[in-house]
Amino acid sequence: MKRLVKMNETYVFVVLALLCLLVQARSGQFFRVYNLIDLLVALIVPAMFALNTHVVIASGGIDVSFPCIASFCMYVVTRILQMIEYQGSVVLAFVMAAVIGAIMGALNGWLIASFRLPPLIVTLGTQSLFTGVLMGVLEAIEISGSKLPSCITSFGLQRLYETVNPENNIITYIPTSLLILVGAVIVTYVILKHTMFGRSIFAVGNDENAALRAGIPVKRIKIAVYCYAGLVAGVAGIVRMCITKFCHPTNLTGIEMEVIAAVVLGGTSIAGGKGSITGAMLGIALITVMSNSLLLLGIPVQWQTFCTGILIIFGTGLSAYQAMRAGKKLMRRTKIQPAEKPAAEGGQTA
């Protein structure tokens with residue numbers, strides 16, 4: 001119980017549960033099947049972004065370029081499949097997006113690790129770079145569902161479960177894309193908890209100099225972290241296109257701050273070296289439920305941004321406070337003890 005009380009995940013879960021109960025008490029619609037399915041579908045892509053953000057922050061870095069990587073991969077893969085008139089499996093689209101995303105992420109990692117540049121500045125720069133190439137060089141435009149490759153359209157229509165909303169007769173369904181999120185969670189969990197690479201990520205985030213002295217290849221770890229983040233972002237871009245059934249080059253812009261806030265709110269230390277996938281998933285669930293349920297509480301849409309901002313400030317403030325407390329505890333433990341008093345005159349000596 002002591003451990004549970006000290007965990008961020010516990011408090012996030014309690015707040016999430018209270019919010020769900022509040023929305024249910026106010027509207028009576030929260031726990032209806034179609035509403036839960038809508039929330040689950042809205043959670044899929046942000047949860048994938050939360051996974052790569054958790055890995056990056058745990059390593060002591062930060063990445064704000066992943067929405068641009070996702071949009072870039074989504075558009076480029078779509079255009080390539082259109083040009084070759086591809087009619088095969090959707091697996092090729094995911095593989096292409098993963099490779100392109102990994103290369104873009106590796107660029108972030110190489111700049112940060114090789115030149116010791118601040119991760120925030122680097123990813124802000126590459127964010128503008130990727131957006132400039134997408135909108136300026138490639139002249140990206142919205143691609144509607146009728147013009148998408150057939151493999152994307154058919155995969156987007158595949159369903160694990162469906163139901164009908166009795167109020168408006170609209171069919172609500174869980175897309176097969178949910179399985180990709182489940183797979184990404186499992187893979188990320190195994191990497192972080194059961195591999196030397198995962199342990200090295202937390203070691204680098206906790207103390208880079210100590211990791212170097214321990215023989216951990218810090219430079220390669222950083223590059224691999226951003227490479228993995230780009231890979232997940234690329235796959236998330238294709239998932240987004242399959243769910244929404246259209247390709248828009250800019251509609252993911254701005255989601256990075258919500259995702260980072262959710263991950264930090266879930267207990268991932270903004271200073272690195274600490275956090276869990278459970279906390280990251282709970283944090284993004286809280287943000288998603290809040291964003292999608294305020295209307296059921298009768299709160300105007302314009303207040304959604306205000307509430308999200310409060311959570312961002314609270315999440316980052318809580319992480320900073322915990323880091324400060326941990327630093328003070330470490331200083332107290334390593335504080336030099338006063339020298340022992342000399343033995344009294346005439347006393348025995350060793």
Subject >> Debye equation applied to the C-alpha atoms of the chain, log10 I(q)/I(0) at 0.06, 0.12, 0.13, 0.14 Å⁻¹ >> reply: -0.26, -0.91, -1.06, -1.20
**OP:** Using only the C-alpha atoms of the range 45-252, find the volume of their convex hull and express it per residue in Å³.
**Re:** 132 Å³
**OP:** Eight or more residues apart or on different chains, and alpha-carbon atoms under 25 Å: count the Lys pairs in the chain matching that.
**Re:** 18
**OP:** Divide by every residue of the chain the summed helix terms, -39500 (n - 2.57) for each DSSP H run of at least 4, and state the resulting mean residue ellipticity at 222 nm, rounded to the nearest 500 deg cm²/dmol.
**Re:** -23000 deg cm²/dmol
Original post:
Once both labels are modelled 7 Å past Cα along the beta-carbon direction, what's the residue 321-residue 257 spacing in nm?
Top reply: 2.2 nm
**OP:** Order the peptides 299-310, 48-59 from the highest to the lowest mean number of other Cβ atoms within 10 Å of their residues.
**Re:** 48-59, 299-310
Original post:
Each label point is 7 Å from the Cα along the Cα-to-Cβ direction; what then is the distance between the points at residue 157 and residue 42, in nm?
Top reply: 2.7 nm
Original post:
What trypsin sites (Lys or Arg not before Pro) in the range 183-256 are in a loop by DSSP, with at most 15 other Cβ atoms within 10 Å of the Cβ?
Top reply: 245
Original post:
How much net charge surrounds residue 202 when only the other residues with a Cβ under 11 Å from the Cβ of residue 202 are counted, with Lys and Arg +1 and Asp and Glu -1?
Top reply: +2
Original post:
Taking the chain as a Gaussian network, where each spring joins two C-alpha atoms under 10 Å apart, which residue of 119, 46, 166 fluctuates the most?
Top reply: 166
Original post:
If you take the C-alpha gyration tensor of the range 1-124, multiply each eigenvalue by 5 and take the square root, what semi-axes do you get, largest first, in whole Å?
Top reply: 35, 26, 11
Original post:
Of 165, 206, 108, which has the largest mean-square fluctuation in a 10 Å C-alpha GNM of the chain?
Top reply: 165
**OP:** Sort out the exposed loop GluC sites (Glu not before Pro) in the chain (DSSP loop, at most 14 other Cβ within 10 Å) and tell me the longest stretch that has none.
**Re:** 168-339
Subject >> For the range 102-223: rounded, prolate or oblate by the Cα gyration tensor [a/c cutoff 1.5] >> reply: oblate
Original post:
Spin-label point model (7 Å from Cα, Cβ direction): what's the residue 137 to residue 329 distance in nm?
Top reply: 4.8 nm
Original post:
Full extension from residue 31 to residue 2: what is 0.36 nm times the residue separation minus their Cα-Cα distance, to one decimal in nm?
Top reply: 7.3 nm
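One-quarter of the Cα convex hull surface for the range 157-296, in nm²?
Seen from a random direction, the Cα hull of the range 157-296 projects 10.4 nm² on average.
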Subject >> Residue with peak Gaussian network fluctuation, the chain [Cα springs, cutoff 10 Å], from 242, 20, 227 >> reply: 20
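Bear in mind that the values in this text are calculations on the coordinates, not laboratory data. From a predicted model like this one, the values you see are computed outputs, not experimental measurements. Reconstructed Cβ throughout: ideal geometry from the backbone, glycine too, with neighbour counts over all protein chains shown.
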